[in-house]
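A quick write-up on the structure given underneath.
The values are calculated or read from the model by the stated rules, or taken from the named source; none is laboratory data. These numbers come from a predicted model, not from an experiment. Quick reminder, even Gly has a Cβ in these numbers, built from the backbone with ideal geometry, and neighbours come from all protein chains shown.
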């Protein structure tokens, strides 16, 4: 039997990281929606690759048995579209 997945030191370190300062950024989706995001310094903010994915998701359109799984989501803005 193995020990706990996270020990007390790793939990404490993670809490230190996420308790740090946040930054507020604005991101505009390709369809013009403006999002104000408050992100910890450990989170990947929306960048050019996010814009590329957002444009292509919007082109695909909703439904019709289409599915998309967002992995390593960073700020998660693609899930908001």
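Looking at the structure I just gave you, is residue 9 assigned to a helix (DSSP H, G or I) and either surrounded by 11 or more Cβ atoms within 10 Å (Cβ to Cβ) or in contact with a strand residue (DSSP E or B) (Cβ under 9 Å, 6 or more places away or on another chain) (or both)? In short, no. Checked across region 31-43, the condition of being touching a strand residue (DSSP E or B) at 6+ places or on another chain (Cβ under 8 Å), in contact (Cβ under 8 Å) with a residue 12 or more places away in the chain and in a helix (DSSP H, G or I) holds for no residue. Taking the criterion of being outside any helix (DSSP H, G or I), surrounded by 10 or more Cβ atoms within 10 Å (Cβ to Cβ) and out of contact with any strand residue (DSSP E or B) (no Cβ under 6 Å at 6 or more places or on another chain), the residues of region 44-81 that qualify are 44, 47, 68, 70, 73, 74, 76, 81. Among residues of region 61-81 that are without any contact (Cβ under 8 Å) to a residue 40 or more places away in the chain and on the phi > 0 side of the Ramachandran plot, those with a Cβ under 6 angstrom from a residue that is in a loop (DSSP other than H, G, I, E, B) and surrounded by 10 or more Cβ atoms within 10 Å (Cβ to Cβ), sequence gap 6+ or separate chain, pair up as 74/43; 74/44. Can you work out which of the residues in region 14-39 that are over 15 Å from residue 76 (Cβ atoms), surrounded by 10 or more Cβ atoms within 10 Å (Cβ to Cβ) and at pLDDT 85 or above is farthest from the chain's Cα centre (by Cα)? In this case the residue turns out to be 30.
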